[in-house]
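**Student:** I am attaching a structure below and will ask some questions about it afterwards.
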Amino acid sequence: MREKKFVYNLNNAKIIYNAIKSAGINFVIYVPETWTREILKLLLHDKDIEAVNATGEAEAMAIAAGASLGGKTPMVLMEGSGYGTSIYVLSRLGLMHHMSWLIMSSHAGGLGELGFYHWDIRLTAEPLLSTLLIPHCTIQRIDEAETLIIEAQLTVEGQKVPMAVLLPHHILWQEAK
Amino acid sequence: MTHFEAVQTIAHRLTNELVVVSVGYTNLELHSVKDSKLNLYAIQMSLATPVAFGLAKAIPSRKVISLDGDGSLLMGLGILSTIATHPAKNLVIVLLDNGCYAACGWYSTGSGRGSDLAGIASAAGIPHVRTVATPQDLATAFDELLGKDEPGFIRAKVESGPQSTVLDQLPLDRLESTFRFRQGLVEEGLVGQWREARLDHYTSPR
């Protein structure tokens, strides 16, 4: 295959950021990563959104659970590998305690993942969510981003469960000209 | 100071604080001394303090207490750095440090082998850290840190080894605890009702 280079799709990052705002998110707990970095940058510049840098994804989710219980509308922003480190908190706080929060992550399990070192994440992230009965959706087309993110947050609030929105490579990156 | 004496000391000083409790004897003891809808019971190992921190961020007008244990905190030490660098002014962590895993045979924790969890909290940047070993000192430290406008951490050194059980079982399960706590927050006027589907959510265009 010919050599391809990719640049961040800043337009799509802005659309996703706007959708996060439309969903009412006012508290973001994040663990920085390459794929979601421009979305994070927009969130960190937003004075209406409080942001906390957690030391790991499981901690981020537990903070989100407490914040949600206390009336905030939180979202965890992280790499897809974070599901592997968060099985315990998803099952304990999510399933057993019925605490709820939105999760947004990169999606190595979609098409176009270039990092061979992510092959385990590609294979396990979605099956983990399915096994844990955590509802999740993948944004395949940017024009459905706002609807899916708002509906995901409605699911979080209505069903009182964590829910994950997955962002694949083609949504976040575009081929460099 | 026994574990139960430490819990009694804290419980008798609670007024309207929100209390997040880790697993184990602490739940049974707190429930037996001072049950409240504002107690969130049985939050699993490593998760009580992060949940308390999230709660404190969400409700800055109310003091939040994390009643954690040394084995639990050691599973997630990173939260101390997170709290120190994103301070919740209304959070006090009370670490009931018996140096062992009391619920499963009193095996020693890292704290029991010499790790100083107050030192770790202080080095992480928590501004107010105290170590106490008597009920009187615990009461004094708790009152002092509750009055601060910054996060506090109290390492309450309690006796290790077998202890009397005040209750055999917590008389509510995890789900009941969560929903009852949330209802307590509603009754205190701290949060609104949870979103529920109503008939007027679904209407057709005329």
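The values are calculated or read from the model by the stated rules, or taken from the named source; none is laboratory data. Nothing here was measured: the structure is a model prediction, and the numbers come from that model. Please note: Cβ atoms are built from the backbone with ideal geometry, for glycine as well, and neighbour counts cover all protein chains shown.
**Student:** Report, by residue number, each residue of segment B:1-15 that is among the polar types (S, T, N, Q), outside any loop (DSSP other than H, G, I, E, B) and either modelled with pLDDT under 95 or surrounded by fewer than 21 Cβ atoms within 10 Å (Cβ to Cβ) (or both). Write out each step before concluding.
**Tutor:** Within segment B:1-15, the subset among the polar types (S, T, N, Q) is B:2, B:8-9, B:15.
Narrowing the set further to residues that are outside any loop (DSSP other than H, G, I, E, B) leaves B:8-9.
Hit for segment B:1-15 is B:Q8, nothing else.
**Student:** Looking only at segment B:49-62, count how many residues are in contact with a strand residue (DSSP E or B) (Cβ under 7 Å, 6 or more places away or on another chain) and more than 7 Å from chain A (Cβ to nearest Cβ).
**Tutor:** Adding up the residues that qualify gives 3.
**Student:** Go through A:E3, A:E59 for me and flag whichever is touching a Pro at 6+ places or on another chain (Cβ under 8 Å) and among the acidic types (D, E). Lay out the reasoning, then the answer.
**Tutor:** On the way: A:E3 fails: touching a Pro at 6+ places or on another chain (Cβ under 8 Å).
Going through A:E3, A:E59 in turn, just one is touching a Pro at 6+ places or on another chain (Cβ under 8 Å) and among the acidic types (D, E): A:E59.
**Student:** Another question, if that's okay. Considering every residue within segment B:153-175, establish whether at least one is of a type in the set (D, E) and in a helix (DSSP H, G or I). Step through it out loud before you land on a result.
**Tutor:** Within segment B:153-175, the first condition is being of a type in the set (D, E), and the residues that meet it are B:159, B:168, B:173.
Narrowing the set further to residues that are in a helix (DSSP H, G or I) leaves none.
Scanning segment B:153-175 turns up no residue that is of a type in the set (D, E) and in a helix (DSSP H, G or I).
**Student:** A follow-up question, please. Is it the case that some residue within segment A:22-31 is in a helix (DSSP H, G or I) and in contact with a helix residue (DSSP H, G or I) (Cβ under 9 Å, 6 or more places away or on another chain)?
**Tutor:** Yes, some residue in segment A:22-31 is in a helix (DSSP H, G or I) and in contact with a helix residue (DSSP H, G or I) (Cβ under 9 Å, 6 or more places away or on another chain).
**Student:** Let me ask something else. Starting from segment B:16-45, keep only residues that are more than 12 Å from chain A (Cβ to nearest Cβ) and crowded, with 20+ Cβ neighbours inside 10 Å, then list their pairs with residues that are part of a loop (DSSP other than H, G, I, E, B) and of a type in the set (G, A, S) whose Cβ atoms are within a distance under 8 Å, requiring at least 6 positions of separation or different chains.
**Tutor:** B:V19/B:S36
**Student:** Taking the criterion of being part of a loop (DSSP other than H, G, I, E, B), under 17 Å from B:I65 (Cα atoms) and more than 16 Å from the chain's Cα centre (by Cα), would at least one residue in segment B:133-148 satisfy it?
**Tutor:** Initial filter on segment B:133-148 (part of a loop (DSSP other than H, G, I, E, B)): B:133-134, B:147-148.
Now narrow it down to the ones that are under 17 Å from B:I65 (Cα atoms): B:147-148.
Cutting the leftovers down to more than 16 Å from the chain's Cα centre (by Cα) gives us B:147-148.
So far as segment B:133-148 goes, yes, one or more of its residues are part of a loop (DSSP other than H, G, I, E, B), under 17 Å from B:I65 (Cα atoms) and more than 16 Å from the chain's Cα centre (by Cα).
**Student:** Restricting to segment B:116-132, give me the number of residues that are more than 25 Å from B:F4 (Cβ to Cβ) and either of a type in the set (D, E) or under 17 Å from the mean Cα position of the chain (by Cα) (or both). Outline the logic, then answer.
**Tutor:** Applying the first criterion (more than 25 Å from B:F4 (Cβ to Cβ)) to segment B:116-132 yields B:119-120, B:122-128.
Within this subset, residues satisfying the condition of being either of a type in the set (D, E) or under 17 Å from the mean Cα position of the chain (by Cα) (or both) are B:126, B:128.
Residues meeting the conditions: 2.
**Student:** OK, next. If you take the residues of segment B:145-181 that are acidic (D, E) and surrounded by 14 or more Cβ atoms within 10 Å (Cβ to Cβ), which of them is farthest from the other protein chains (Cβ to nearest Cβ)? Break it down stepwise before answering.
**Tutor:** First pass over segment B:145-181, keeping only residues acidic (D, E): B:149-150, B:159, B:168, B:173, B:176.
Next cut, surrounded by 14 or more Cβ atoms within 10 Å (Cβ to Cβ) only: B:150, B:159.
Details: B:E150: 16, B:E159: 29 Å.
Ranking the candidates gives B:E159 first.
**Student:** Can you tell me which residue is nearest to the other protein chains (Cβ to nearest Cβ) among those in segment A:54-83 that are of a type in the set (S, T, N, Q) and under 16 Å from B:A58 (Cα atoms)?
**Tutor:** The first filter runs over segment A:54-83 and keeps only residues of a type in the set (S, T, N, Q), leaving A:55, A:68, A:73, A:81.
Those still in the list that are under 16 Å from B:A58 (Cα atoms) too: A:68, A:73.
Numbers: A:S68: 7, A:T73: 10 Å.
Selected residue: A:S68.
**Student:** Further, regarding this structure: Residues in segment A:162-174: is at least one aromatic (F, W, Y) and out of contact with any helix residue (DSSP H, G or I) (no Cβ under 8 Å at 6 or more places or on another chain)?
**Tutor:** Let us first name the residues in segment A:162-174 that are aromatic (F, W, Y), namely A:173.
Remaining after also requiring out of contact with any helix residue (DSSP H, G or I) (no Cβ under 8 Å at 6 or more places or on another chain): A:173.
Yes - at least one qualifying residue is present in segment A:162-174.
**Student:** Now for a different question. Checking the structure you have, find out if any residue of segment B:103-118 is more than 26 Å from A:Y30 (Cα to Cα), among the small types (G, A, S) and in contact with a Leu (Cβ under 7 Å, 6 or more places away or on another chain). Show your work before the answer.
**Tutor:** Here is the first cut: in segment B:103-118, the residues more than 26 Å from A:Y30 (Cα to Cα) are B:103-116, B:118.
Cutting the leftovers down to among the small types (G, A, S) gives us B:103, B:105, B:108, B:110-112, B:114-115, B:118.
Filter once more, keeping what is in contact with a Leu (Cβ under 7 Å, 6 or more places away or on another chain): B:110-111.
Yes: one or more hits.
**Student:** Scan segment B:128-169 for residues that are modelled with pLDDT of 95 or more and among the acidic types (D, E) and jot them down.
**Tutor:** To start, the set of residues in segment B:128-169 that are modelled with pLDDT of 95 or more comprises B:128-158.
Answer for segment B:128-169, where residues must be modelled with pLDDT of 95 or more and among the acidic types (D, E): B:D137, B:D143, B:E144, B:D149, B:E150.
**Student:** Going by what's in this entry, would B:T26 be described as among the polar types (S, T, N, Q) and either assigned to a loop (DSSP other than H, G, I, E, B) or at pLDDT 95 or above (or both)?
**Tutor:** Details: among the polar types (S, T, N, Q): yes; either assigned to a loop (DSSP other than H, G, I, E, B) or at pLDDT 95 or above (or both): no.
When the stated conditions are applied, B:T26 does not pass them.
**Student:** Only one of (1) modelled with pLDDT under 90; (2) more than 14 Å from every other protein chain (Cβ to nearest Cβ); (3) more than 22 Å from B:Y41 (Cβ to Cβ); (4) not in a helix (DSSP H, G or I) fails for B:D200. Which number is that?
**Tutor:** (4)
**Student:** Still on this structure, I have one more. Taking into account only those residues within segment B:63-89 that are within 15 Å of A:G70 (Cα to Cα) and surrounded by fewer than 24 Cβ atoms within 10 Å (Cβ to Cβ), which is farthest from the other protein chains (Cβ to nearest Cβ)?
**Tutor:** First, the residues of segment B:63-89 that are within 15 Å of A:G70 (Cα to Cα): B:63-66, B:88.
Then drop every residue that is not surrounded by fewer than 24 Cβ atoms within 10 Å (Cβ to Cβ), which leaves B:63, B:88.
Details: B:K63: 13, B:A88: 10 Å.
The qualifying residue farthest from the other protein chains (Cβ to nearest Cβ) is B:K63.
**Student:** Of everything in segment A:32-60, what is outside any helix (DSSP H, G or I), under 18 Å from A:L148 (Cβ atoms) and β-branched (V, I, T)? Give them in sequence order. It would help to see each step written out before you state the result.
**Tutor:** In the first step, residues of segment A:32-60 are kept if they are outside any helix (DSSP H, G or I); the result is A:32-36, A:45-56.
Right, trim to under 18 Å from A:L148 (Cβ atoms) and you get A:35-36.
A:T36 - this is the single residue of segment A:32-60 that is outside any helix (DSSP H, G or I), under 18 Å from A:L148 (Cβ atoms) and β-branched (V, I, T).
**Student:** For B:A6, work out the one condition from (1) farther than 21 Å from B:H86 by Cβ; (2) facing chain A (nearest Cβ under 10 Å) it doesn't fulfil.
**Tutor:** The one condition B:A6 does not meet is (2).
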